[in-house]
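Remarks on the structure that follows.
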Amino acid sequence: MAIYDFCKKISYKYFSGNKIFIWCIFLVIIALTFYPFFQLGLTGGDDFLYYTATRTGSVMGWGKFIANKGRFYLFFTFPFYSIPYLIDNFYYTKIIQYSTILLCFIIFACLIKKIFKENAIVAIIFLMLIIFSIITYFEPILYVAYPFYFYFSFSFFLLSLLCLLKYTETIRYKYLIHSVCLFSIALLFYETYLLFLLFILAFLFFKNFAKNKFKVFKTKLFYKEFLPFIIVAFVYVLVYFGFNKFFASGDIYPGSTISDDFSLKNFFTIIFGYNSFIFPKHVLNVYGDWLYNIYATIPTLHQSGFLYILRNSEITTLVNAFLQCFLFVYFFNKLKSDISWKKIIITIVVSFLFAISAHSLHACASGYNSNIWMTQQIGYITSSFSYFALVTIFFFVVYAFNKLCYNKKILRYCVLTISTILLFANTIYIGYNNDKFFRYWHKNSHDQVAVIDKFCENDFLSDVSKDALLYMNDESGDSKFMHDLRLYLNYKMSRENTFAKFNLELLKEAISLDTTKDIYLLSSFVQRKSLNNDVLYTLSKVNNNSININVTDEDIFSSGTTNNVKVLFYSPYKDFNFNFYIENPNNDTNLPTYKVNDEIKTGNFGYNQIRILNNNNIGDGSTIFNLSSQYNIKVENFSISNMGSMNNDNSYVIQIEN
């Protein structure tokens, strides 16, 4: 009976009348906003590392290794990275990642409810958190790369604040201890939470000052509340720097040290850049031309006016925009004007300072403050923290105008109209921006990983012995995952090959110790201006005597040749030519021959082509073939073209069927 009464009470409170309709609209908005994120796969080297560390059971080993680079806490928290990958299923991973973000939004909404006691405020801020969900080209925006870890930790921080507010309401000390414990957990995830502690201490100070004025330092309660947080921070700082000084090995992560040539200009540039991600028009202005020129997926700047974008927006973006505006108008009309000006101003000021503090440690670190490339970025992983503060600022600016005009019906409707128009325009910009960048990230994560999985399914490295050296070369210039791809390949193919990025010293040593040691070059090429994700992989067994060790690392294989190369080419729908170059160092007058799989063909010295005819109607246009010749083939002269004669007697035709 008690359970029945409880369910009846909840049903009446949250799901009676038009509340069900409002909840349904919220769910549709969440679905329309978050569904495209399910197009994103593994986007960076870190994602490959977390995935393979989880699947191979080496989480603790990697956590210890990375902790030794200057972040001791990763030994404890690195295992949490594995949660999205505990089940080797793409949809499980995405559900865990994005449900964590939604959970964080909900906890923040609960915090707003606790502070302001008004449902309409909570609803609008929660709605705005969904509305401003934006991605950019830059990988470490948390919807793109490892979205679970940082929102997961921020949830602990928000829960800590909720417990702190509960303590101030009840004066039951156990809630303060709960707050300290939850904050300690959050602090173990990231150094930035140390700066957030200042806001907690400021809150406790002003709370006590309001009661005791200048006698605040003479009251036991003040120290009873302050000391637990101070002790946690002191121990953390002591262990952090002590570990780095006495136990860390190798190169310390540059994000853990203060820049030696600190620039105040770079500091503020980073602060602005990391917070400016929330303005979609700014994101399009900065990355628009770049994305058009490189990937041909969005218009140039002179075409990115609002009307053009509105006409070219997806229908889902338009539907989402109208639904969001409907809810905004609905809850705006329920807003009251009870919140004092003092509370509004304090909220805006605190949120502004919080947005700055979220990036302050990054902006001071040697890996960021002195890195010109980093100062040019829009958004970073710390933007997930400032995001909440910026949304709060936007809302309370609107609320302030609402309060000013609350008793003046016409002016209040003017505020509502202007706010709704701005919200609609913002939603259209974000939807358009996300749609185009989703294409880019889908191409550079989900699709490319799918191709790599084909690579693994066909055991592309089957000819490479365990003792061979395998060099990786990414020619696309845009791949986000080559750094730790080697871990993924070894796991998927159950191999233990020694992978390396060009390393001249390692190569010299290998050749000097064993001139017969097998050396392979694995190269990837991506068709940058194709949304179909055309990818070429070549695996060449390099002739050792063709390697030039008297050049820079990048030119090691500039004169490299091979007599055997394995090719994997993927293009869902297009016909292509595979081009390769046969050397003629002795001015041989006889035409060279080459073998494709088991068929011998007569070719030419210089460039030759293999025609790939794609008759596949289901989009699985991948093929693997072996190319060999007694003549030397250049390992850095492979290419793909989409035009060529089908009647060339010297071209070999491969047909891809359903």
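The values are calculated or read from the model by the stated rules, or taken from the named source; none is laboratory data. None of these values were measured; they are calculated from a predicted model. Glycine also receives a Cβ, built like all others from the backbone with ideal geometry; neighbour counts cover every protein chain displayed. With ligands, DNA and RNA removed, areas are computed over all heavy atoms of the protein, side chains included. Shrake-Rupley method; radii C 1.70, N 1.55, O 1.52, S 1.80 Å.
Of the conditions (1) modelled with pLDDT of 70 or more; (2) surrounded by 20 or more Cβ atoms within 10 Å (Cβ to Cβ); (3) part of a loop (DSSP other than H, G, I, E, B), LYS480 satisfies every one except a single condition; which number is it?
(1) is the only condition that LYS480 fails.
Looking at segment 36-44, is at least one residue under 23 Å from ILE381 (Cβ atoms), aliphatic (A, V, I, L, M) and either at pLDDT below 75 or open to solvent by less than 40 Å² (accessible area, probe 1.4 Å) (or both)?
yes
Anything in segment 188-207 that is in contact with a Leu (Cβ under 7 Å, 6 or more places away or on another chain) and crowded, with 19+ Cβ neighbours inside 10 Å? List them, or say none.
THR192, TYR193, ILE200
Cβ-Cβ distance below 7 Å, separation of 6 or more or different chains: which pairs start in segment 585-604 with a residue that is hydroxyl-bearing (Ser, Thr, Tyr) and end on one that is open to solvent by less than 90 Å² (accessible area, probe 1.4 Å) and at pLDDT below 80?
THR602/ASN650
Restricting attention to segment 387-405, which residues are open to solvent by 50 Å² or more (accessible area, probe 1.4 Å), over 33 Å from the mean Cα position of the chain (by Cα) and under 17 Å from ILE124 (Cα atoms)?
If the condition is that a residue be open to solvent by 50 Å² or more (accessible area, probe 1.4 Å), over 33 Å from the mean Cα position of the chain (by Cα) and under 17 Å from ILE124 (Cα atoms), then PHE401 is the only one that fits.
Given the criterion within 30 Å of PHE331 (Cα to Cα), surrounded by fewer than 20 Cβ atoms within 10 Å (Cβ to Cβ) and modelled with pLDDT of 80 or more, identify the matching residue among LEU27, LEU86.
Answer to the selection: LEU27.
Inspect segment 165-178 for any residue being open to solvent by 10 Å² or more (accessible area, probe 1.4 Å), of a type in the set (Val, Ile, Thr) and on the phi > 0 side of the Ramachandran plot and give the result as yes or no.
Yes, that holds for at least one residue.
Hey, GLY57 hits all of (1) of a type outside the set (D, E, K, R); (2) surrounded by 16 or more Cβ atoms within 10 Å (Cβ to Cβ); (3) modelled with pLDDT under 90 but one; which does it fall short on?
That leaves (2) as the condition not met.
Being open to solvent by 60 Å² or more (accessible area, probe 1.4 Å), part of a loop (DSSP other than H, G, I, E, B) and hydrophobic (A, V, I, L, M, F, W, C) is the filter here; which residues of segment 324-341 pass it?
none
Is segment 238-245 home to any residue that is among the charged types (D, E, K, R), touching a helix residue (DSSP H, G or I) at 6+ places or on another chain (Cβ under 8 Å) and either open to solvent by 70 Å² or more (accessible area, probe 1.4 Å) or modelled with pLDDT of 90 or more (or both)?
Among the residues of segment 238-245, not one is among the charged types (D, E, K, R), touching a helix residue (DSSP H, G or I) at 6+ places or on another chain (Cβ under 8 Å) and either open to solvent by 70 Å² or more (accessible area, probe 1.4 Å) or modelled with pLDDT of 90 or more (or both), which makes the answer no.
A quick yes/no check of all residues on (1) modelled with pLDDT under 85; (2) open to solvent by 40 Å² or more (accessible area, probe 1.4 Å); (3) among the polar types (S, T, N, Q):
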position: ASN577; (1), (2), (3): yes, no, yes
position: ASN584; (1), (2), (3): yes, yes, yes
position: PHE605; (1), (2), (3): no, yes, no
position: LEU613; (1), (2), (3): yes, no, no
position: ILE618; (1), (2), (3): yes, yes, no
position: GLN630; (1), (2), (3): no, yes, yes
position: LYS634; (1), (2), (3): no, no, no
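Go through the residues of segment 112-127 one by one and say whether even a single one is more than 15 Å from PHE396 (Cα to Cα) and either crowded, with 21+ Cβ neighbours inside 10 Å or not charged (D, E, K, R) (or both).
Within segment 112-127, none of the residues are more than 15 Å from PHE396 (Cα to Cα) and either crowded, with 21+ Cβ neighbours inside 10 Å or not charged (D, E, K, R) (or both).
Failed condition for PHE156, given (1) closer than 30 Å to THR54 by Cβ; (2) touching a residue at least 40 places away in the same chain (Cβ under 8 Å), with all others met?
The number of the failed condition is (2).
Can SER276 be described as open to solvent by less than 50 Å² (accessible area, probe 1.4 Å) and modelled with pLDDT under 75?
No.
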